[in-house]
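Data first, discussion second: the structure below is written as structure tokens.
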Amino acid sequence: MALFSIGGRALSDELWSPIWLTIQLAGITTFTLLIVGIPIAWWLAWSTSRWREVVGAIVALPLVLPPTVLGFYILVALGPQGLGGWFGHLAGVRSFAFTFEGLILGSVISSLPFMVQPVRNSFEAMGRRPLEVAATLRASPWDRFVTIALPLALPGLLTGAVLTFAHTIGEFGVILMIGGNIPGETRVLSIAVYDFVETLRWREAHILSVGMLVFSFVVILLVSLLARKSKGRAL
């Protein structure tokens, strides 16, 4: 704890609070997108609908939209006059803007393509033949999906989960727009680093930034290893 002991326990809590909050946000976002993203990726991979590419473009929008623009529209949706206000009224709050629950929704939207695209690529790469062979053996659609498709797409699933977790850890613009800088509620790592730099607290900013730098390196290395494994399977 000596590394975090500047000024006593208060500073230690000030550093650990955004770290723990960020881990919670990234974990919930990744779990949510595993549930939501896999069906979307499956549909995009195999659907013959003329709307498939339109839906694919909508899913990919967070990749090209400025985070402030995306964050602004999510903020409007979460505000008192948007859907967030309506659902918030049912839950007994004014809105979900500037709340941890709002951060979860914003992170799910902004990280959606990081989950969907790798999983979609894995589904497309495996081709239809394994599923057709399973169908000839009278496997149900659900059995084919669970016992054939998901295991074959595992490298893509792992890549999507890692990228989603990492993107949520590093997200700044969307989080700032919809969450602000509320300690213990919306003050995640990226916001804390920005705040420390603004107040010229360089040592604290270094501590958090070095941790994020090491984490980012590990993520890149892990994704590269997963991509190599996926390529090896394809061969």
Q: Please report, to two decimal places, log10 I(q)/I(0) for the stretch 113-182 at q = 0.21 Å⁻¹ as given by the Debye formula with identical point scatterers on the Cα atoms and no solvent.
A: -0.85
Q: Step through the residues of the stretch 65-72 one at a time and calculate ³J(HN,Hα) from phi using the Karplus curve (6.51 cos²θ - 1.76 cosθ + 1.60, θ = phi - 60°), rounding each to whole Hz and writing x for Gly and Pro.
A: 6, x, x, 5, 5, 4, x, 4
Q | the stretch 45-177 - Debye-derived log10 I(q)/I(0), Cα point model, q = 0.18, 0.20 Å⁻¹ | A | -0.99, -1.09
Q | Cα pair distances in the chain, grouped into 5 Å bins until the bin that holds the longest one, percent each | A | 1, 6, 12, 14, 16, 14, 11, 10, 7, 4, 2, 1, 0, 0
Q: Starting from the Cα of Trp46, step 7 Å along the direction of its Cβ; do the same at Val146; then give the gap between the two resulting points in nm.
A: 1.5 nm
Q | Distance from the stretch 29-82 to the stretch 105-151 (C-alpha centre basis), Å | A | 18 Å
Q. Share of the chain's accessible area from carbon and sulfur, percent, 1.4 Å?
A. 70 percent
**Q.** Per residue value of the accessible surface for the chain (all protein chains in place, 1.4 Å probe), Å²
**A.** 56 Å²
**Q.** Hz values of 3J(HN,Hα) by residue in the stretch 73-81 - Karplus curve (6.51, -1.76, 1.60), Gly and Pro given as x
**A.** 6, 5, 4, 4, 5, 7, x, x, 8
Q | Given charges at beta-carbon only (K, R positive; D, E negative), |dipole| of the stretch 91-235 in Debye | A | 680 debye
Q: Kindly report, to the nearest 10 Å², the accessible surface of Val214 as traced by a 1.4 Å probe over protein heavy atoms only.
A: 80 Å²
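The values are calculated or read from the model by the stated rules, or taken from the named source; none is laboratory data. Every value quoted in this text rests on a predicted model; they were computed, and no experiment measured them. Every residue, glycine as well, gets a Cβ built from its backbone with ideal geometry; the counts of neighbours run over all protein chains shown. Heads up: the accessible areas ignore ligands, DNA and RNA and are worked out on the full protein's heavy atoms, side chains in. Shrake-Rupley method; radii C 1.70, N 1.55, O 1.52, S 1.80 Å.
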